[in-house]
1. Answer with yes or no whether L160 is over 18 Å from L58 (Cα atoms), surrounded by 15 or more Cβ atoms within 10 Å (Cβ to Cβ) and among the aliphatic types (A, V, I, L, M).
2. Does S95 count as surrounded by fewer than 21 Cβ atoms within 10 Å (Cβ to Cβ) and part of a loop (DSSP other than H, G, I, E, B)?
3. Taking the criterion of being part of a helix (DSSP H, G or I), in contact with a helix residue (DSSP H, G or I) (Cβ under 7 Å, 6 or more places away or on another chain), open to solvent by 40 Å² or more (accessible area, probe 1.4 Å) and at pLDDT 95 or above, would at least one residue in segment 166-181 satisfy it?
4. Scan (1) buried (at least 18 other Cβ atoms within 10 Å of the Cβ); (2) touching a helix residue (DSSP H, G or I) at 6+ places or on another chain (Cβ under 7 Å); (3) modelled with pLDDT under 95 for the single condition A197 breaks and write down its number.
5. If you go through segment 44-64 one residue at a time, do you hit one that is under 21 Å from L227 (Cβ atoms) and at pLDDT 95 or above?
6. List every residue pair whose Cβ atoms lie under 8 Å apart, where the two residues are 6 or more positions apart in sequence or sit on different chains, the first residue falls within segment 185-204 and is in a loop (DSSP other than H, G, I, E, B), and the second residue, located anywhere, is open to solvent by less than 60 Å² (accessible area, probe 1.4 Å) and of a type in the set (V, I, T).
7. Please specify each residue of segment 233-268 satisfying the condition of being open to solvent by 30 Å² or more (accessible area, probe 1.4 Å) and among the small types (G, A, S).
8. Whether any residue in segment 42-57 is more than 24 Å from C247 (Cα to Cα), open to solvent by 60 Å² or more (accessible area, probe 1.4 Å) and in contact with a strand residue (DSSP E or B) (Cβ under 9 Å, 6 or more places away or on another chain) is what I want to check.
Amino acid sequence: MEPQRLTNEQYLGEDFPLRLYNQTVPGPVALHWHEFYELCYVYGGAGSHTVNGRAVPLSEGSLFLLTPADFHSVSPSPDRPLQLYNAVFGEQLLSDELRPLLFRDYAGGTVTVAEDAREAVAEEFRLLQAELSGRQPGYRLMARGALERILLMLARLRSLEEGGGSGREETPQPEHIRRALVFIHHRFREPLSLRDAAAQAGLAPNYFSECFRKAAGVPFQQYLQELRLSFACSLLRGSPLPVTDICYASGFRTLSHFERAYKRKYGHSPREARMAGK
């Protein structure tokens, strides 16, 4: 079976799609994924975090955002349990202005907040916690404002760690194509059609297909399959999931299609990759 799937219904409720947990994590958290976004800030302890098969260290000041496309697990240090704020929220809280700042390259990653800025980040989480627990008039606006400020801090830190940008000289993608790309990168493990992506761009499917190929350099279906194969490759390297589970977790509908596509791209089958540790 796939790793545990945490649902919106379980964690977000119906009144306001934002919750905050202030918790200590003394032991390993098994590989899982969720339908919502998850924003985490480590304010104490140490450990490691494995996202889509890639492990990164966690320490005081670590800040990261997970999307509904991510599998992850957490391993605290045996003698230093992780202490963290964990905000979970629905996609509807990401404004059109915020999305391109957060997902310029559609990928996440952990950043480290500088020591002199950590109190400011912690204060925003404390404000978020107070607003969600107190529920005074206007608490939704206050809570959403705190969440957006933290996400903006994350986006700015990513930009700084990348040297102010990706370092590539590229023609900026049209905003409607960017919206579709963010949607694809966050939903590629689900059944996803050209029509679904075109709707995100606000374009007719045939015209979107033409625009997408010009912007991405490959047809929509090829782009989608490449995402799924890359994700599967990461899970094969960094998780104990059986090949069959990885096939379906990556968005493929049949094992035979997955195995053919994987071998065509990487030159070996998924099982050969698992055995060789590739």
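1. For L160, the condition - over 18 Å from L58 (Cα atoms), surrounded by 15 or more Cβ atoms within 10 Å (Cβ to Cβ) and among the aliphatic types (A, V, I, L, M) - is not met.
2. When the stated conditions are applied, S95 passes them.
3. no
4. Of (1) buried (at least 18 other Cβ atoms within 10 Å of the Cβ); (2) touching a helix residue (DSSP H, G or I) at 6+ places or on another chain (Cβ under 7 Å); (3) modelled with pLDDT under 95, only one is false for A197: (3).
5. The answer is yes; a qualifying residue exists.
6. Pairs that qualify, where the first residue is in a loop (DSSP other than H, G, I, E, B) and the partner is open to solvent by less than 60 Å² (accessible area, probe 1.4 Å) and of a type in the set (V, I, T), are L192/I184.
7. Those that are open to solvent by 30 Å² or more (accessible area, probe 1.4 Å) and among the small types (G, A, S): G238, S256, G267.
8. Taking every residue of segment 42-57 in turn, at least one turns out to be more than 24 Å from C247 (Cα to Cα), open to solvent by 60 Å² or more (accessible area, probe 1.4 Å) and in contact with a strand residue (DSSP E or B) (Cβ under 9 Å, 6 or more places away or on another chain).
The values are calculated or read from the model by the stated rules, or taken from the named source; none is laboratory data. Predicted, not measured: the structure shown is a model, and the values here were computed from it. Heads up, the Cβs are rebuilt from the backbone with ideal geometry, glycines too, and the neighbour counts pull from every protein chain shown. Remember, those area values only see protein heavy atoms, side chains included, never the ligands or the DNA or RNA. Shrake-Rupley method; radii C 1.70, N 1.55, O 1.52, S 1.80 Å.
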